[in-house]
Amino acid sequence: MKAIKLKEGIYWVGAIDWHIRNFHGYSTPRGTTYNAYLIIDDKITLVDTVKYYLIDEMLDRISDVIDPSEIDYIVSNHVEPDHSGGLPEIMAIAPKATLITSPNGEKGLRAHYKEDWNFHVAKTGEVLNIGKKNLTFVHTPMVHWPDNMVTYLPEDKILFSNDAFGQHIASSERFADELPLGIVMEEAQKYYANIVLPYGAQVKKALGALADLALEVIAPSHGVVWRSDLSSIIGEYEKWCGNATDKKAVVVYDTMWNSTEIIAEKIVETFESKGYQTRLYNLKNTHISDVMTEIINARYICVGSPTLNNNLMPTVASFLTYLKGLAPKDRIGLAFGSYGWGGQSVGQVEQYLKDCGFETLENIRIQYIPDENQLEEIKVKLEGMVL
Ligand code: FEO
């Protein structure tokens, strides 16, 4: 296994997870990587590690450059086990290494691994000289856990950004500009929508703290490294963390005998007639994490469910629970659905949307199969409510 040179003395020594298709509930059709970086200077530094089952791959790549026992410093930017999973092994190989992390990083690593490693708790803004190069540590709590920090190397203008700016892509290419930009951006959007979205305020703060840094390379902890198009990905992050929305409606539903589906299609048609960008998803065949990728910039979120045993459909309940946790802000919700008797589901969906903090439109609820007149009424009613 080869280390990949990013800049003079700086190598990618991570691991490629070609086969992973579900990352704690997030679908990853393109797989992912766990990125670790090796910096060779008077002192040798490893930034982050990899998931436990790919440790040998990381060690192989480190060994392509140096003997891993020579590592002096290990920077743990994030406790989550996909980045810290290699610590027990590397700390056993390089027992004198100093483990640099944030205050919450120390707490989290001690709790996860029950080891009394040689910790150094870095203050935010602290600078560590490693020879010709320096490392600056900046705390970025809640991007994505309380322990997150990023590491900046000013001599090479490189930011080891951990979860920020990452994407779940497994590829032999290591740089974003070696792949179609649309694919990398879509995966970056999906990553933000499913991992970082609840922490927009913290992302905004982190972007502010990093705004004055001269940057040539952003090296995240997943996916490919940004060495061009930096302003595009930073611009998108600024938009996403500000909860900016487009003239866009996402319609999500499940259906039993197609009646809720017919209503969903009429809702889409109505938004389209108003000049909206629209997306339509049946939850039976769309993963909730893919829906979130589109919701990130959608002004209207329309959710439909028939009534099943006095309740909403389990697929819809699952989506709404996920949506509530990811907490997009400043959206407008619309609940809809058909029912045979009882008909509780639409009210339940509406309550979920209110619990998400959304303004809601008057819901759409049809008994049995909507006829042409009812569909026309839906269109007229919705046209009256939507700007
Ligand atoms: Fe890939 Fe929050 O870790």
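The values are calculated or read from the model by the stated rules, or taken from the named source; none is laboratory data. Note that the coordinates shown come from a computational prediction; the quantities given were computed from them, not determined experimentally. Methodologically, a virtual Cβ is constructed for each residue, glycine included, from the backbone with ideal geometry; neighbour enumeration extends over all protein chains shown. Accessible surface areas use protein heavy atoms only, side chains included; no ligands, DNA or RNA. Shrake-Rupley method; radii C 1.70, N 1.55, O 1.52, S 1.80 Å.
A few comments on the model shown:
- Antiparallel beta bridges, as assigned by DSSP with both residues in the chain, represent about 40 percent of the total such bridges.
- Ranked from largest to smallest solvent-accessible area, with a 1.4 Å probe on the protein heavy atoms, H222, H287 come out as H287, H222.
- Gain upon complete extension [N282, E372; 0.36 nm per residue less C-alpha separation]: 30.2 nm
- For q = 0.07, 0.08 Å⁻¹, Debye-computed log10 I/I(0) when each Cα of the chain counts as one equal scatterer: -0.38, -0.48
- Under 16 Å from a label point set 7 Å out along the Cα-to-Cβ vector of I66, the amide N atoms of region 87-107 belong to 90-100.
- The candidates E126, E359, arranged from most to least accessible area with a 1.4 Å probe in the full protein assembly, appear as E359, E126.
- Cα-based shape type of region 121-222, given that a ≥ b ≥ c are square roots of the gyration tensor eigenvalues and the cut on a/c is 1.5: oblate
- When only the Cβ of Lys, Arg, Asp and Glu is charged (+1, +1, -1, -1), the dipole of region 4-241 relative to its Cα centre reaches about 540 debye.
- On Cα atoms only, tilt of 230-241 relative to the major axis of the chain in degrees: 50
- Farthest positive-ward along region 281-387 dipole, Cα basis, beta-carbon charges - from Y368, L382, L283: L283
- Cα Rg, Dmax (largest Cα-Cα span) when computed across region 136-294, Å: 18.3, 63
- Of all accessible heavy-atom area on the chain, the percent that carbon and sulfur account for (1.4 Å): 51
- Global geometry of region 297-381, whether rounded, prolate or oblate, following the gyration tensor of its Cα atoms and the 1.5 cut on a/c: oblate
- S228-H24 FRET efficiency (beta carbon distance; Förster radius 35 Å; 0.05 resolution): 0.70
- HN-Hα J in Hz across region 302-313 - Karplus 6.51, -1.76, 1.60, θ = phi - 60°, x for Gly and Pro: 10, 10, x, 8, x, 9, 10, 6, 6, 9, 7, 5
- Rounded if a/c under 1.5, otherwise prolate or oblate - region 178-229, Cα gyration tensor axes: oblate
- Its Cα centre serving as origin, region 247-385 has a Cβ charge dipole (Lys and Arg +1, Asp and Glu -1) of approximately 440 debye.
- Estimated 222 nm signal from helices in the chain, with DSSP H stretches of n ≥ 4 weighted -39500 (n - 2.57), rounded to 500: -9500 deg cm²/dmol
- Here the spin labels are modelled as points 7 Å beyond Cα on the Cα-Cβ line, and at W341 and A92 they lie 6.5 nm apart.
- R0 of 30 Å, Cβ-Cβ distance D355-Y52: FRET efficiency to nearest 0.05: 0.25
- Extension gain (nm, one decimal) between S318 and K7, 0.36 nm per residue minus Cα-Cα: 107.5 nm
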